[in-house]
Amino acid sequence: MADQNTSNTQPPEHKPESKMKHIVSFGAMILLTVAAFVLVLRDVVPVVWVLPLMLGFAVIQVLLQLFTFMHLDQKGSFYYILFIAFGVMVAVISVTGLVFMP
Amino acid sequence: MAHDSVEIKPGVHLETATFEGKNKVMGFWMFLGAETVLFACLFGTYLALRNQTVNGPSGADLFDPVLVAVATAILLFSSLTSVFAMMAMNKLDKKGMLFWLGVTVLLGLSFLVLEIYEFIHYIHEGHTFMSSAFGSSFYALVGTHGAHVTFGIIWISTIMYQAWKWGINTETAPKLFVSSLYWHFIDVVWVFIFTLVYLLGMVG
């Protein structure tokens with residue numbers, strides 16, 4: 001949390017983010033998307049495995065999106081992660097409650 | 001915090017260079033946390049009601065994998081172009097930034113056109129907001145996402161105009177950065193929509 005001091009001095013210079021990192025991350029997202037489609041359109045795994053695997057792919061893809069495209073991997077992101085994690089926590093509780101409500 | 005105190009040069013993160021900019025980004029993550037909960041409630045409702053089709057068409061009857069794949073590809077690609085825009089912004093490359101933002105907006109528009117076409121098709125098939133609980137929860141969820149895309153297109157376009165007029169500085173950079181976070185968030189929500197609405201609907 002070194003960046004959290006609210007100084008108006010020169011902000012630290014960052015090395016420019018490499019384009020490669022984002023392209024690799026994008027490639028991984030494409031692969032995860034294709035994998036999810038293949039699971040559903042081809043009978044590669046037993047039906048009971050489809051939903052958990054698909055959800056797993058979605059979660060990995062979203063984490064990639066958050067930590068590369070949305071820059072959460074950079075220094076000084078502690079509070080951003082805290083806020084979004086709290087949102088996700090309430091979200092998971094809400095969805096679980098709604099789905100399993102009798 | 002005086003804006004002039006920050007020297008504008010490539011490599012400096014202008015979006016968080018001022019106290020105001022920092023607060024904007026911080027506040028925006030708080031907003032995204034709240035948005036996550038909003039969409040979670042809509043997802044939960046949809047998942048609970050998706051089999052209540054009242055003799056109308058079900059997801060398995062309606063959803064077309066090709067259309068969903070195209071929509072997913074468009075949105076994922078627009079997320080990448082939005083990252084490229086932010087990288088151009090950090091290099092103070094205004095032209096490059098406006099180009100990539102323009103591509104992002106165009107991809108967003110094509111996604112929207114595809115979604116409108118899809119909804120019109122569904123309505124002809126008898127799947128409407130009022131046809132069943134499945135219909136209501138489907139349109140509430142996917143429609144709210146579509147409304148976010150619409151808002152994102154308008155928002156990014158107006159900020160593109162500001163950046164074109166005033167350039168990349170400590171005033172415009174936080175706005176550009178935050179709108180790109182919003183655009184990524186739209187894609188994050190779509191990942192769960194194609195998984196839990198479309199693909200799960202095709203499984204049955």
Task: Whole-Å distance, taken between Cα centres, linking the range B:1-74 and the range B:102-121 - done: 16
Open item on the list: Quick one: the Cα spread of the range B:83-204 along its three principal axes, in angstroms, biggest first?
Closed with: 50, 23, 19
TODO: Enumerate by residue number the trypsin sites (Lys or Arg not before Pro) in the range B:1-92 meeting two conditions: DSSP loop (anything except H, G, I, E, B), and at most 16 other Cβ atoms within 10 Å of the site's Cβ.
DONE: B:Lys91
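Which FRET efficiency, nearest 0.05, do B:Met130 and B:Phe99 yield, Cβ-Cβ r, R0 51 Å?
Efficiency at R0 = 51 Å is approximately 0.75.
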Task: Exposure proxy order (Cβ contacts within 10 Å, fewest to most) of A:Ser94, B:Ser82 - done: A:Ser94, B:Ser82
Open item on the list: Using a 10 Å cut-off around each Cβ, can you sort B:Asp64, B:Asp93, B:Asp187 from fewest to most neighbouring Cβ atoms?
Closed with: B:Asp64, B:Asp93, B:Asp187
TODO: Obtain the radius of gyration and the Kirkwood radius of chain B from its C-alpha atoms and give Rg over Rh.
DONE: 1.06
- [ ] Would you order A:Met29, A:Met101 from fewest to most other beta-carbon atoms within 10 Å of each residue's own beta-carbon?
- [x] A:Met101, A:Met29
Task: Computed magnitude of the charge dipole of chain B (debye, nearest 20; Cβ of K, R +1, Cβ of D, E -1) - done: 420
- [ ] Give me the percent of Cα-Cα pairs in the range B:1-68 that sit more than 21 Å apart, rounded to a whole number.
- [x] 59
TODO: Using every Cα-Cα pair within the protein assembly as shown, state what percent have a distance larger than 34 Å.
DONE: 24
Task: Sequence ranges B:51-59, B:132-140, ranked by mean other-Cβ count within 10 angstrom, highest first - done: B:132-140, B:51-59
- [ ] Normalise the Cα radius of gyration of the range B:54-101 by 2.2 N^0.38 Å (N = residues in it) and let me know the number.
- [x] 1.88
Task: Along chain B, longest interval not containing exposed GluC sites (Glu not before Pro), exposed being DSSP loop plus at most 15 other Cβ atoms within 10 Å - done: B:8-124
- [ ] Would you calculate, for the protein assembly as shown, the mean residue ellipticity at 222 nm contributed by helices, counting each DSSP H stretch of 4 or more residues as -39,500 (n - 2.57) and dividing by all residues, to the nearest 500?
- [x] -24500 deg cm²/dmol
- [ ] For B:Glu20 and B:Asp64, calculate 0.36 nm times their separation in residues minus their Cα-Cα distance, and state this gained length in nm to one decimal.
- [x] 11.3 nm
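Quote the FRET efficiency, to the nearest 0.05, computed for B:Ala34 versus A:Val99 with a Förster distance R0 of 25 Å and r equal to the Cβ-Cβ distance.
Values: r = 21 Å, r/R0 = 0.84.
The pair B:Ala34/A:Val99 has a calculated efficiency of 0.75.
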- [ ] Could you state the angle between the C-alpha long axis of helix B:133-166 and the longest principal axis of the C-alpha atoms of chain B, as a value from 0 to 90 degrees rounded to the nearest 10?
- [x] 20
Task: Average silhouette area of the range A:55-102, convex hull of alpha-carbon atoms, in square nanometres - done: 3.6
Task: Semi-axes of the equivalent ellipsoid for the range A:15-73, Cα gyration tensor, largest first, Å - done: 28, 11, 5
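None of the figures in this text is laboratory data; all of them are computed from the coordinates on show. Model, not experiment: these values are computed from the prediction. Positions of Cβ are generated from backbone atoms using ideal geometry, with glycine treated the same way; all protein chains shown enter the neighbour counts.
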